[in-house]
1. Using the structure shown, decide if Tyr191 is at pLDDT 95 or above, open to solvent by 10 Å² or more (accessible area, probe 1.4 Å), closer than 21 Å to Tyr333 by Cα and in contact with a helix residue (DSSP H, G or I) (Cβ under 7 Å, 6 or more places away or on another chain).
2. Does at least one position in the stretch 624-639 carry a residue that is within 29 Å of Tyr459 (Cα to Cα) and in contact (Cβ under 8 Å) with a residue 24 or more places away in the chain?
3. Only residues in the stretch 479-494 that are closer than 23 Å to Val668 by Cβ count as the first member; pair them with residues that are open to solvent by less than 30 Å² (accessible area, probe 1.4 Å) and not in a helix (DSSP H, G or I), Cβ under 6 angstrom, at least 6 apart or cross-chain, and list the lot.
4. Pairs, please: C-beta under 9 Å, at least 6 apart or cross-chain, first residue at positive phi and in the stretch 123-146, second among the hydrophobic types (A, V, I, L, M, F, W, C) and surrounded by 23 or more Cβ atoms within 10 Å (Cβ to Cβ)?
5. Restricting to the stretch 721-741, give me the number of residues that are open to solvent by less than 70 Å² (accessible area, probe 1.4 Å) and either at positive phi or in a loop (DSSP other than H, G, I, E, B) (or both).
6. Just checking, which of Trp121, Trp59 is within 30 Å of Tyr346 (Cα to Cα) and either surrounded by fewer than 24 Cβ atoms within 10 Å (Cβ to Cβ) or within 16 Å of the chain's Cα centre (by Cα) (or both)?
7. Out of all the residues in the stretch 101-112, which are modelled with pLDDT of 95 or more and open to solvent by 10 Å² or more (accessible area, probe 1.4 Å)?
8. Taking the stretch 641-666, which residues are open to solvent by 20 Å² or more (accessible area, probe 1.4 Å) and in contact with a helix residue (DSSP H, G or I) (Cβ under 6 Å, 6 or more places away or on another chain)?
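The values are calculated or read from the model by the stated rules, or taken from the named source; none is laboratory data. Just so you know, these numbers come straight off a predicted model, no measurement behind them. No Cβ is skipped: glycine too gets one built from the backbone with ideal geometry, and neighbour counts run over all protein chains shown. Just so you know, the surface numbers come from the protein's heavy atoms only, side chains and all, with ligands and any DNA or RNA stripped out. Shrake-Rupley method; radii C 1.70, N 1.55, O 1.52, S 1.80 Å.
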Amino acid sequence: MNMINKLKRFFGGLLVCSNVAVLSASGPSPVDYVNPLMGSLSTFELSTGNTYPAIAMPWGMNFWVPQTGKMGDGWAYRYDQYRIRGFKQTHQPSPWINDYGQFSLMPVIGNRINEDERASWFSHKAETVTPYYYSVYLADYDITTELVPTERAACFRFTFPESDSARIVIDAFDKGSYIRIVPEENKVIGYTTKNSGGVPGNFKNYFVIQFDKKPHFSSVWKNGKLAAGMEMAADHAGAVVGFLTKRGETVNAVVASSFISFEQAERNLKELNGRSLEQLKSDGRKQWNDILGRIDIEASEEQMRTFYSCLYRSVLFPRMFYEIDAKGRPVHYSPYNGQVLPGYLYTDTGFWDTFRCLFPLLNLVYPSVNARIQEGLLNVYKESGFMPEWASPGHRDCMVGNNSASVISDAILKGVTPKALWADLYEAMVKTANSVHPECPATGRLGYEYYNKLGYVPYNVGIKENAARTLEYAYDDWCIWQVAKLLNRPQEEQDLYRSRSENYKNLFDATHKLMRGKNADGSFQSPFNPFKWGDAFTEGNSWHYSWSVFHDVEGLIGLMNGPKVFTGMLDSVFSLPPVFDDSYYGFVIHEIREMQIMNMGNYAHGNQPIQHMIYLYDYAGEPWKTQYWVRETMNRMYKPIPDGYCGDEDNGQTSAWYVFSALGFYPVCPGSGQYVVGAPLVQRATITLENGKKIDIETSNNAADNYYIQRLIVNGKNYEHNYFLHSDLVKGRKLRFDMGSSPNKARGTQGTDFPYSMSR
């Protein structure tokens with residue numbers, strides 16, 4: 001069978017789909033509740049998620065997005081924009097990090113090449129958005145575009161009007177690109193080098209596009225103008241293929257890409273495996289339902305839409321950066337040394353955000369995925385000499401901390417990481433904790449020399465956000481200490497990291513009962529404004545960062561002169577007005593604005609440093625306040641709508657907070673093996689674990705105003721603790737929360753009921 005007939009057979013019989021999500025005969029499935037547009041009504045000035053609709057498979061190497069923003073704009077899709085410029089393969093983890101390896105396809109009528117000319121008006125009312133399928137009507141051309149992704153490939157269907165100039169514009173983007181038309185195969189190949197950093201000089205994303213019809217017209221273009229020949233290498237190269245179409249006629253295209261080679265891109269195209277768009281759509285839906293269905297909940301319609309939209313965001317990043325070679329083995333292009341090497345690699349995540357609860361969610365519900373991620377982390381160390389802290393796709397100079405230690409230790413201590421990797425990963429943690437990357441100071445520990453000598457990073461030695469670094473380094477040292485004990489490392493080594501994990505105490509200012517920057521001579525920075533964002537802290541102020549003692553809340557309570565003062569300080573975060581000092585930045589950054597407008601005082605849930613703070617009442621004998629504020633935050637700050645988040649979603653972290661909290665517990669201290677009890681939002685939930693066990697969660701009397709736990713029953717027995725053990729949950733547990741409208745101030749108030757603290 002020749003190529004044309006093969007493609008006709010491949011694409012034959014495809015049907016245009018309706019613009020509503022498909023519901024099963026028995027009712028909606030988990031994926032039907034997902035709104036990929038949640039958080040997409042965002043701008044530079046105000047983030048309601050800073051998300052885009054990622055049309056993708058879970059953890060897929062390539063995502064696709066309808067592009068409303070201009071080439072290079074980190075806000076690739078904004079809900080308040082009404083013109084689409086193309087359908088872009090994207091790898092962007094955040095608008096602040098921006099994209100790499102992107103290219104696009106755009107159907108048009110006539111000669112419309114550059115992104116402004118070819119852009120078409122559209123309406124959200126004529127747009128279908130699911131994780132596994134996207135469709136939109138392009139009004140300027142009377143064209144409907146549909147796409148379905150796999151991990152590394154995608155299938156497009158363009159439905160044209162009657163025209164002698166129906167065309168598809170392929171844009172390989174600027175900053176260095178290549179395109180070649182292969183007319184005898186109805187194929188276009190090319191590569192893009194466009195990136196935002198974090199790549200070696202030989203970086204390319206190779207792509208292959210195969211059409212099911214022979215083009216009537218073909219041309220390459222350069223910098224927006226048609227050019228002679230079938231091949232073009234330029235700063236900004238592209239191609240146009242044209243067809244003679246009758247009204248309702250479809251042109252289909254299959255697309256795949258590779259960071260390794262054209263040959264590997266062709267291999268990745270085989271992921272489609274001869275399936276039609278409808279088959280791919282059905283299979284993609286099943287795959288999403290499998291992943292999302294690991295947590296089956298019952299709740300109100302809005303709560304279910306919010307929950308599964310958040311769970312969808314929680315399983316997008318970190319993304320695969322590996323491919324499958326001719327022998328079926330994982331192989332990857334290394335963005336750290338530019339070589340093609342064996343093994344797994346994942347990327348596009350910032351541990352400053354995601355160590356907090358995204359990775360604990362993987363360890364509980366998707367441990368086999370995180371096992372591969374951990375193997376990939378070891379590959380990063382082998383290829384660069386460091387653990388990553390913010391990777392996209394290689395090391396990026398963004399944020400602070402050494403939180404790879406948390407991500408590694410939590411997986412090891414929960415038995416997720418293969419045991420054969422433990423010693424090498426421990427070596428990587430220790431090396432990364434005692435050095436700094438020579439070209440990327442956010443990797444490793446900037447200021448480690450001061451920290452190791454003085455016990456803190458000084459305020460006055462030219463290292464920004466020093467107090468934040470100190471607090472996170474202390475927790476990271478505790479994480480290293482936990483693995484050192486497990487591996488029975490020399491006692492001197494264990495004692496060193498045990499001692500360093502108390503370094504948070506060096507920044508506590510007893511006068512203000514808050515953390516404060518400290519100079520190299522031991523004096524506190526002065527003047528001190530606890531409402532000043534940035535400066536000694538990262539995207540927050542002292543009221544936000546003073547709670548970053550994940551591993552020793554009891555020690556922090558002691559510094560604050562006991563539980564009553566401690567809970568009073570927690571209360572103050574909510575009772576204070578949303579005042580702020582933005583002088584460090586010189587303008588109101590979006591994180592400040594998001595705190596200011598939420599009407600929850602100085603609580604800044606839209607950014608990560610304070611997201612665990614609500615749960616700290618459980619450590620001080622007032623768990624009912626945790627229950628109240630957890631429910632308030634879920635109810636007020638999360639909605640399944642385009643402005644549904646209260647700040648940057650950040651690669652699944654802010655979403656995973658909701659997922660855990662809606663279930664009734666949260667991992668305040670990854671590495672401790674505990675989850676701190678909150679107040680479940682769901683009526684019922686079942687978490688099906690990979691080992692076949694189930695965590696069944698039931699609630700009684702869980703009405704909208706019944707925030708408070710009256711009684712907690714685990715496996716039929718009364719349970720007073722304010723925490724669950726991971727080691728218990730993975731064996732399967734039945735949890736029953738009896739809820740009420742008034743606090744039960746007798747439950748969970750004894751010291752033996754409090755979660756783990758190093759000082760206890």
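1. Numbers: at pLDDT 95 or above: yes; open to solvent by 10 Å² or more (accessible area, probe 1.4 Å): yes; closer than 21 Å to Tyr333 by Cα: yes; in contact with a helix residue (DSSP H, G or I) (Cβ under 7 Å, 6 or more places away or on another chain): no.
Taking the combined requirement at face value, the residue does not satisfy it.
2. We begin by selecting, within the stretch 624-639, every residue within 29 Å of Tyr459 (Cα to Cα); these are none.
No, the stretch 624-639 contains no residue that is within 29 Å of Tyr459 (Cα to Cα) and in contact (Cβ under 8 Å) with a residue 24 or more places away in the chain.
3. Cys479/Gly671; Trp481/Ser501; Gln482/Gly671
4. Close Cβ pairs (under 9 Å, with a partner that is among the hydrophobic types (A, V, I, L, M, F, W, C) and surrounded by 23 or more Cβ atoms within 10 Å (Cβ to Cβ)) amount to Asp142/Phe160.
5. Of the stretch 721-741, the ones open to solvent by less than 70 Å² (accessible area, probe 1.4 Å) are 721-730, 732-733, 735, 737-740.
Those still in the list that are either at positive phi or in a loop (DSSP other than H, G, I, E, B) (or both) too: 721-722, 730, 732.
Within the stretch 721-741, residues that are open to solvent by less than 70 Å² (accessible area, probe 1.4 Å) and either at positive phi or in a loop (DSSP other than H, G, I, E, B) (or both) number 4.
6. Working: Trp121 fails: within 30 Å of Tyr346 (Cα to Cα).
The unique qualifying residue is Trp59.
7. Taking the stretch 101-112 as the starting set, the residues that turn out to be modelled with pLDDT of 95 or more are 101-110, 112.
Selection gives Ile109, Gly110, Arg112.
8. Initially, the stretch 641-666 is screened for residues open to solvent by 20 Å² or more (accessible area, probe 1.4 Å), giving 641-643, 650.
If the condition is that a residue be open to solvent by 20 Å² or more (accessible area, probe 1.4 Å) and in contact with a helix residue (DSSP H, G or I) (Cβ under 6 Å, 6 or more places away or on another chain), then Asp650 is the only one that fits.
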